[in-house]
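The values are calculated or read from the model by the stated rules, or taken from the named source; none is laboratory data. Quick caveat: nothing in here was measured; it's all calculated off a predicted structure. All Cβ positions, even for glycine, are placed from backbone atoms using ideal geometry, and neighbour counts span all protein chains on display.
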Amino acid sequence: MNNEKWNEVCFLLSDNIQTDISERDFEQNVIQALRVLDWKEFLGDLQIRPSFQIGASNRITPDFVVNSTEKKNLFVIEIKQPSIPLRINFQQQLFSYMRQLRLQYGVLIGQAVQIFYDGDLTDHDDPVLIETIEFERDSAKGLKFVELFSKQSFSYEALKTFTLNSLKKINRKADQKKLQQKILSDEYRTELLELIKQDFLNNYDADLIDNVLKEISINIQLKAQPTTEKPAIQAYVSTQSENKNTRDKTKYIINGTSARLPKNRFVLEFVKAYLQKYPTGFSSLKRFFKDDYQGSTGVINKLDFVETKYANKSNKRHFTGNDEILTSADNIQFVVSTEWGKDNIKNIVDLARENGFEIQEV
C-alpha cells in the first residue's frame with residue numbers, strides 16, 4: 001500500500017507535470033498528493049495558505065499547515081516550483097514558519113522533498129536537514145516518507161526515532177572529520193614521536209632515541225582521491241600548539257566589587273553595569289556590543305528575536321531568566337548570550353577596560 005501511495009505521489013509531483021508549471025498550479029498537485037496521504041481539507045486536516053497573527057502588526061502565510069484531529073498544528077509545508085533548485089533562501093523561509101508556529105518539523109517540496117527538524121535532539125541553531133527524497137518510484141526513502149507523514153500512521157515517536165537515526169548518520173560524518181583533523185594535527189605528531197620513543201626504550205638509550213628523532217620528519221597527509229579528475233588533496237600539519245581540550249577556568253571580578261564570575265556571567269554583569277552607568281537605547285547598545293565580539297550568536301539580542309529563533313529549543317543560548325532580561329533606555333527588552341569561551345572572552349575584557357571598568361582575572 002505504501003509503495004502504491006509513494007508512486008502516486010511521484011506521478012503527481014514529478015512524472016505528470018510540465019517543466020514550467022507555476023507555483024500556484026503546483027500547489028494543486030501538492031493538495032492531491034496530500035489527499036493520497038489521507039490529509040483532507042474538508043475534514044480540517046489541512047490549512048491552505050492560512051494567515052497567522054505574529055506580534056502586534058505582523059502576519060505570516062505558510063503554504064500549508066497540517067493539523068491533528070484535535071486541530072493541533074503538526075507540521076508546516078512550503079512549496080516551490082519544481083523547475084527551481086531548492087535554495088537556502090527557500091529553506092530559511094520554511095525555518096521562519098517553523099519557529100513562529102513552534103513546530104519541530106517542516107517539509108519543503110519542489111524538485112525533491114526535504115524534511116527539516118528543529119528541537120532539542122540537536123544543538124544546531126538552525127533546523128537540520130534530516131532527509132532529502134528524490135521523486136523516484138519504489139524508492140526506500142519514499143516509502144519511509146509515506147509511513148512517517150501519512151495521516152493514519154503519523155506519530156511523533158516514529159518521527160523522533162527517524163530523526164535520531166538520521167542525526168547519527170550526520171554526526172558520524174562529523175566525528176570522522178574531527179578524528180581526521182586530530183590525526184593530522186601537530187599535537188598528534190608529537191604524541192606519535194613519543195610513542196616511537198617508548199617503543200625503543202627497552203633497547204636504546206633515551207638520549208640516542210631523542211637525537212635520532214630530531215633528524216626525522218613525520219608527515220601525515222590525506223590520501224589522494226580515487227579519481228583522475230581531481231588533484232590529490234594534501235593535508236598540512238596544523239601549527240596550532242594550544243590544546244583545545246584544555247578548559248580555561250579563569251574567573252573575572254568587575255571593579256573589585258563583584259564575585260568571581262565565570263565567563264558568561266561576567267559578560268552579563270558587565271552589560272548590566274554598562275547599562276546602569278550609561279543608559280542607552282538598544283540600537284546604540286548593539287553597535288557598542290558588536291556581534292563580532294561574540295561570533296555566531298552576537299553579544300546581545302532582542303528578547304522576542306531569541307524566543308522566536310530558539311522556539312523549539314530548551315537551551316536559548318542566552319540568559320532568559322526573569323532577573324536576567326534587561327531593558328534598554330528606549331524600553332526594549334533584550335538578553336545576553338551565554339556562549340563564551342577562551343577564544344572570544346578577551347574581546348569583552350578589552351572592551352570593558354577600554355571604557356573605564358577595572359577587570360581582574362583570577
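I'm checking my understanding of the structure. Among residues of region 258-317 that are part of a helix (DSSP H, G or I), closer than 27 Å to GLN92 by Cα and among the basic types (Lys, Arg), which one is farthest from the chain's Cα centre (by Cα)?
ARG287
Give the residue, chosen from GLN221, GLN152, that is touching a residue at least 24 places away in the same chain (Cβ under 8 Å), surrounded by 12 or more Cβ atoms within 10 Å (Cβ to Cβ) and either polar (S, T, N, Q) or not in a strand (DSSP E or B) (or both).
When all the criteria are applied, what remains is GLN221.
Taking region 337-354, which residues are loosely packed, with under 13 Cβ neighbours inside 10 Å and part of a loop (DSSP other than H, G, I, E, B)? Give the steps one after another, and end with the answer.
Pass one, region 337-354, residues loosely packed, with under 13 Cβ neighbours inside 10 Å: 341, 343, 346, 350, 353-354.
Those that are loosely packed, with under 13 Cβ neighbours inside 10 Å and part of a loop (DSSP other than H, G, I, E, B): GLY341, ASP343.
Could you list, in sequence order, the residues of region 262-319 that are of a type in the set (A, V, I, L, M, F, W, C) and out of contact with any strand residue (DSSP E or B) (no Cβ under 8 Å at 6 or more places or on another chain)?
PHE288, PHE305, ALA311
Looking at (1) under 25 Å from the mean Cα position of the chain (by Cα); (2) farther than 20 Å from ASN165 by Cα; (3) loosely packed, with under 15 Cβ neighbours inside 10 Å, which is the only condition THR132 fails?
So THR132 meets the others, but not (2).
Cβ contacts < 6 Å: first residue in contact (Cβ under 8 Å) with a residue 12 or more places away in the chain and closer than 15 Å to LEU143 by Cβ, restricted to region 4-15; second residue outside any helix (DSSP H, G or I) and of a type outside the set (Lys, Arg), any location; separation 6+ or different chain. Result?
Cβ pairs passing all conditions: CYS10/PHE135.
Of everything in region 294-306, what is surrounded by fewer than 17 Cβ atoms within 10 Å (Cβ to Cβ) and either under 21 Å from GLY55 (Cα atoms) or not small (Gly, Ala, Ser) (or both)? Give them in sequence order.
Correct list: LYS302, ASP304, PHE305.
Looking at PHE266, PHE334, PHE319, PHE270, which one is buried (at least 17 other Cβ atoms within 10 Å of the Cβ), at pLDDT 95 or above, outside the structural domain of GLN53 (by TED's automatic domain parsing) and out of contact with any Leu (no Cβ under 9 Å at 6 or more places or on another chain)?
Going through PHE266, PHE334, PHE319, PHE270 in turn, just one is buried (at least 17 other Cβ atoms within 10 Å of the Cβ), at pLDDT 95 or above, outside the structural domain of GLN53 (by TED's automatic domain parsing) and out of contact with any Leu (no Cβ under 9 Å at 6 or more places or on another chain): PHE266.
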